[in-house]
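Student: What follows is a single structure, and I will ask about it in a moment.
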Amino acid sequence: MTRLFRLTLLSLSLGWTGLQVASAAALYSTSFDQGYTNSYELAGQAGWIKDTASTGGNGLILNFNGSQAAYVGLFDLQPADDFISLWRPINHTPVLAQAPVVKFSVDLTIVDSTGTNNNRDDFFWSIYNMQGDRFFTVDFDNKDLGIYYVLDGTNDWVYSRTDFENDVTYKLQVTLDFARNRWSAALAGTNILKDLPITTTGAPLTLGDVDAVWAVFTRDKPGDNFMVFDNYQVVTEALVAQASVRAPGQLTNSTFPLRVFGQSGSSYAVETSTNLLNWIPRKTNIVIDTSFDYTDPVPGPQARRFYRARLVP
């Protein structure tokens, strides 16, 4: 009589399936409430830095959407300048084999210029490495309300085919996969840019800072428009290897051979179940050279058994 054994891996899939996100750890986050004073510029508080000797163009605003938030723009730079960048150093070197993904998120609102001013500017989010090289910029253009981007190694601004509205709060999320040298961006949960190169010039793949920028369109005629930003967060995601199980050999009258695939150096437990609810551990082993073998004793002739493998500490 042929015995039927079913290999059911639930959320795991047959064959080697690479890596999946396991957990996230904060590199830096702030809501601009604690440790900030709204009577001063943002630059100089809580480790925030600016790249101009000019005053103005940045600060903190009370009761914006119910909380204190930061801003760039609004007040003229004195003396006049073309732009102001604000950042808080992150200085993170991704561990490409374990935690290559970094995610930046921020809530932002572009407030238009008043009717008496009527000049409009650009507001950037620029990503830099620890060496000071700019990887790319996402531009909220307050003149035509379009969102653009530019990569390093080029001065070509590319339209994302996405627009924004003034006085609307959006969540911008930028995902950087340093292992793949790729980044993507989402606005209000919708992907607007996908799978673009972090660097086109071979710049070192580290994360130095994420800058809020007011780029003045006409140096001596800045708008009194501004970008409010809040809930600024940078996290890194740790990855762990998925497991998978195969049956490399033939079922015999007394044993059933299994092969567990996973990340070398990680431990995996082989478990069995008869009902997919209750699982019994059979063997725990460390993967060497991508896999290890386990031979399971065959139960009774009419038995049905499900198998799974899972990562263990």
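The values are calculated or read from the model by the stated rules, or taken from the named source; none is laboratory data. Please read these numbers as outputs of a predicted model, since none were measured by experiment. In this analysis, Cβ positions are derived from the backbone assuming ideal geometry, glycine residues included, and neighbour counts consider all displayed protein chains.
Student: Could you figure out which of (1) of a type outside the set (Phe, Trp, Tyr); (2) modelled with pLDDT under 95; (3) under 23 Å from Asn119 (Cα atoms) isn't true of Gln34?
Tutor: The one condition Gln34 does not meet is (3).
Student: How about the range 66-82: which of its residues are surrounded by 20 or more Cβ atoms within 10 Å (Cβ to Cβ) and among the hydrophobic types (A, V, I, L, M, F, W, C)?
Tutor: Within the range 66-82, Ala69, Ala70, Val72, Leu74, Leu77 meet the criteria.
Student: Now for a different question. Report whether or not Asn225 is touching a residue at least 24 places away in the same chain (Cβ under 8 Å) and at positive phi.
Tutor: Spelling it out, it is not the case that Asn225 is touching a residue at least 24 places away in the same chain (Cβ under 8 Å) and at positive phi.
Student: Now a separate question. Across the range 128-145, what is the total count of residues that are out of contact with any Ser or Thr (no Cβ under 9 Å at 6 or more places or on another chain) and not in a strand (DSSP E or B)?
Tutor: Summing the residues that are out of contact with any Ser or Thr (no Cβ under 9 Å at 6 or more places or on another chain) and not in a strand (DSSP E or B) in the range 128-145 gives 4.
Student: Inside the range 194-249, can you point out the residues that are surrounded by 21 or more Cβ atoms within 10 Å (Cβ to Cβ), small (Gly, Ala, Ser), at pLDDT below 95 and over 19 Å from the mean Cα position of the chain (by Cα)?
Tutor: Ala243, Ser244, listed by residue number.
Student: To continue, here is another question. On the given criteria, is Gly115 closer than 26 Å to Phe75 by Cβ, more than 15 Å from the chain's Cα centre (by Cα) and surrounded by fewer than 16 Cβ atoms within 10 Å (Cβ to Cβ)?
Tutor: Yes.
Student: Name the strands (runs of 3 or more DSSP E) wholly inside the range 155-200 in which the number of residues that are of a type in the set (Gly, Ala, Ser) is 1 or more.
Tutor: Of the strands (runs of 3 or more DSSP E) lying wholly inside the range 155-200, those with at least 1 residues that are of a type in the set (Gly, Ala, Ser) span 158-163, 182-187.
Student: So for the range 278-292 (the condition being over 30 Å from Asn58 (Cα atoms), in a loop (DSSP other than H, G, I, E, B) and at pLDDT 85 or above), does at least one residue qualify?
Tutor: Yes; the residues of the range 278-292 include at least one that is over 30 Å from Asn58 (Cα atoms), in a loop (DSSP other than H, G, I, E, B) and at pLDDT 85 or above.
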